[in-house]
1. What ranking, highest mean first, results for peptides 19-26, 81-88 when packing means the other Cβ atoms within 10 Å averaged over each residue?
2. When ranked by the protection proxy of mean other Cβ atoms within 10 Å per residue, highest first, what sequence do the peptides 338-349, 291-302 form?
3. Could you tell me whether region 79-133 comes out rounded, prolate or oblate from its Cα gyration tensor? Rule is a ≥ b ≥ c as square roots of the eigenvalues, rounded for a/c under 1.5, then prolate if a/b exceeds b/c, otherwise oblate.
4. Out of residues 5 or more away from Val357 or on other chains, whose amide H comes under 5 Å of its own, with H placed 1.01 Å from N in the peptide plane?
5. Count the DSSP beta bridges whose two residues both fall in the chain, then state the antiparallel fraction as a percent rounded to the nearest 5.
6. Please report the spacing between the Cα centers of region 150-189 and region 192-221 in Å, no decimals.
7. Would you mind classifying region 153-232 by shape? Square roots of the alpha carbon gyration tensor eigenvalues, ordered a ≥ b ≥ c; an a/c under 1.5 is rounded, otherwise it is prolate if a/b is larger than b/c and oblate if not.
8. Straight distance only, please: which lysines reach the Cα of Lys337 with their own Cα at less than 21 Å, same-chain residues fewer than 8 apart left out?
Amino acid sequence: MLVAVRDLFRKPFDEGTIVKLKVYTDYLREWAPVFLSRREPIWKTVQIFDFFAGQGKDSLNRPGSPLIALEVVRSFERLIVNRGIKVILHFNELEEDNYRALMDCLAGAKGNFSIRTYNRDFKSLFNEQYEAMKQSANFLFFDQNGIKEITSELFVKIIALRQTDFLFFISSSYFRRFANTPEFQKYFPFDPVEMQSVHYYHVHRKVLAHYKSLIPIGRTYYLAPFSIKKERNIYGLIFGTHHTLGIEKFLSVAWKNDSLRGEANYDIDSEKIDLHSPSLFPEFDIPSKRDVFEKNLRRKILGREIGMRNEAYLFALNEGFLLKDANVVLKKLFAEKKIKSVIEYISTDLHKNKNDVPIII
């Protein structure tokens, strides 16, 4: 077996699990009002799928993903009723003991929404529900224990769903550890030598690049990572969406949880920057990731590869930065008289801004 299954729920959640659940909670709170607060809902059915739900809470009664989803949805119950929206929460757990504990955890849970529980193999359940997902707005959470469930074929099916955001957890360090084993190669035909050359802290970035390579040419789709260090292992979340609003919201959550790089719960680039004790030289307190982003955006604008303001914003989102970070570069270029003023700077809701403007050099 490629990865030994561990019971994460018979003890308190560790620090990495708490970080994972916080990112999940923060994004779900951003996602829900998009579909549940509109005066005129676009989608009358909204579904949340938690395919690896576990027991629902840890030994200290701290909520896991099922109880978090319940809490978020309950906060919108009045709007759900007023808007006439059908909300369905799907919780699946394959392991029998965990499933029984999950059922106990959910006992008595009710409201103006439906709860459906399953004790099923993930892939068979996903395939069974796939057609229904095409008719609703969806949030899919894949908290797998290991790496093998989100295969290339399954990933392509997920990103084909419209009006669907997803977040999946993956044991990224296993990509280095097992890259040369036949079972690993069956799921991920990575070059084992190349995987060993990847910095251990950066392995989740490599995993993200793999999934990005699976997006069909010509299709616009946004992915973003969040790396999580748990003891000596590197894990990570990968978020996906069709919509700029989705990626804006997730990146906002990521930067909220990592104010330096918006990407990890540890010093992913080993730069030892301490914002509470800044160095004597301010340039040393700028993470290399931000420095590279600003230099690349600057180069692309001055080289006329990027000629419109919204292209600069899309470049920022694809590089894991926010719209306001693109504005920093644009305003610096204007102050240096490298470009003429780009009017109507925006910092959120790119999808609402239809009046794009050229960047005049």
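The values are calculated or read from the model by the stated rules, or taken from the named source; none is laboratory data. As the structure is a computational prediction, the values presented were derived from the model and not from experiment. Note: ideal-geometry Cβ built from the backbone for every residue, glycine included; neighbour counts use all protein chains shown. Please note that ligands, DNA and RNA were not included when accessible areas were found on the heavy atoms of the full protein model with its side chains. Shrake-Rupley method; radii C 1.70, N 1.55, O 1.52, S 1.80 Å.
1. Details: 19-26: 20.0, 81-88: 15.2.
Those peptides, ordered most packed to least, come out 19-26, 81-88.
2. Numbers: 338-349: 13.7, 291-302: 16.0.
By packing density, highest mean first, the sequence is 291-302, 338-349.
3. On the way: a/c = 5.25, a/b = 1.32, b/c = 3.99.
Oblate.
4. Close amide H contacts, sequence-distant or interchain: Arg309, Asn310.
5. Percentage antiparallel, nearest 5: 45.
6. Taking the Cα centre of region 192-221 as reference, the centre of region 150-189 is 10 Å away.
7. Prolate, since a/c reaches 1.5 and a/b exceeds b/c.
8. Candidates past the 8-residue exclusion: Lys295, Lys300, Lys324.
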